[in-house]
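Taking it in order: structure first as structure tokens, then the write-up.
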Amino acid sequence: MRLILLGPPGAGKGTQSARLEQKYGIPQLSTGDMLRAAVKAGTPVGLQAKAVMDAGGLVSDDIVVGIIAARIEEADCAKGFILDGFPRTVAQAKSLDAMLKSKHKELDAVIELVVDDQILLSRIEGRARETVAAGGTVRADDNPDAFKKRLEQYHQLTAPVSDYYRSVGELRTVDGMAAIDAVTAEIDSVLGK
Ligand code: AMP
């Protein structure tokens, strides 16, 4: 099964992807996680991406498309995958279409988690507080200024991705403000499981 989870930062894509990964035995491919790993490892991609990520901007389409193109070729993606945080621009969505078409593969579902901005802001503040309480390090882009920028980028560049999939009849929306288990149940029902 090949799935895309769309939605703003803090919508719960990571939480729901992890559950889908367990349930269907397909990997969660988070471009954010892959980029953070590249930054940590100090690879050329990481060095290029760090400043833009810290400021809450978007890494170039070429970089993330290249990362995903290579990743979906790996053996664990043979049965499918869950894309989390990709595509984030219409150009990325079109590149993904071309990539899948060239492999004679199709998407099974595109699911958008819908959450109001105000709720996202309080969730992200909560996530930072919980991380600090647990002795962890808060993500550099989870501070209020960078988060505001990430939300702006979402409305400007990523919301059109939902319109793109809606226009081709592939988009399904789920209320991401419901309790975590209720969101999971709604995703299952969208997937017909
Ligand atoms: P995330 O963990 O999905 O919130 O992503 C964290 C950051 O990584 C984003 O704010 C962007 O700077 C970068 N990023 C992740 N995925 C993409 C993508 N598909 N396109 C461009 N930048 C991305």
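Only the coordinates and a few stated rules stand behind these numbers; no lab work does. Quick caveat: nothing in here was measured; it's all calculated off a predicted structure. All Cβ positions, even for glycine, are placed from backbone atoms using ideal geometry, and neighbour counts span all protein chains on display.
Taking the range 13-24 as the range and being crowded, with 21+ Cβ neighbours inside 10 Å and more than 11 Å from the ligand (Cβ to nearest atom) as the test, the residues that pass are Q16, L20. Output the residue which, of all residues in the range 25-69 that are away from the ligand (no atom under 12 Å from the Cβ) and under 17 Å from the mean Cα position of the chain (by Cα), is nearest to Y154 (Cα to Cα). The qualifying residue nearest to Y154 (Cα to Cα) is A69.
Among the candidates V132, V138, the residue that is β-branched (V, I, T), within 14 Å of the ligand (Cβ to nearest atom) and more than 16 Å from the chain's Cα centre (by Cα) is uniquely V138.
Within the range 132-154, the set of residues being surrounded by fewer than 12 Cβ atoms within 10 Å (Cβ to Cβ) and not β-branched (V, I, T) comprises A133, A134, G135, G136, P144, D145.
Could we say that L100 is more than 13 Å from the ligand (Cβ to nearest atom) and more than 23 Å from A11 (Cβ to Cβ) here?
yes
Pick from S95, S167: which is farther than 14 Å from A11 by Cβ, hydroxyl-bearing (S, T, Y) and buried (at least 17 other Cβ atoms within 10 Å of the Cβ)?
When all the criteria are applied, what remains is S95.
Report, by residue number, each residue of the range 73-87 that is surrounded by fewer than 21 Cβ atoms within 10 Å (Cβ to Cβ), out of contact with any Lys or Arg (no Cβ under 8 Å at 6 or more places or on another chain) and assigned to a loop (DSSP other than H, G, I, E, B). E73, E74, A78, K79 - these are the residues of the range 73-87 that are surrounded by fewer than 21 Cβ atoms within 10 Å (Cβ to Cβ), out of contact with any Lys or Arg (no Cβ under 8 Å at 6 or more places or on another chain) and assigned to a loop (DSSP other than H, G, I, E, B). Screening V114 with (1) closer than 21 Å to P27 by Cβ; (2) touching an Asp or Glu at 6+ places or on another chain (Cβ under 8 Å); (3) surrounded by fewer than 16 Cβ atoms within 10 Å (Cβ to Cβ) gives one miss only, at (1).
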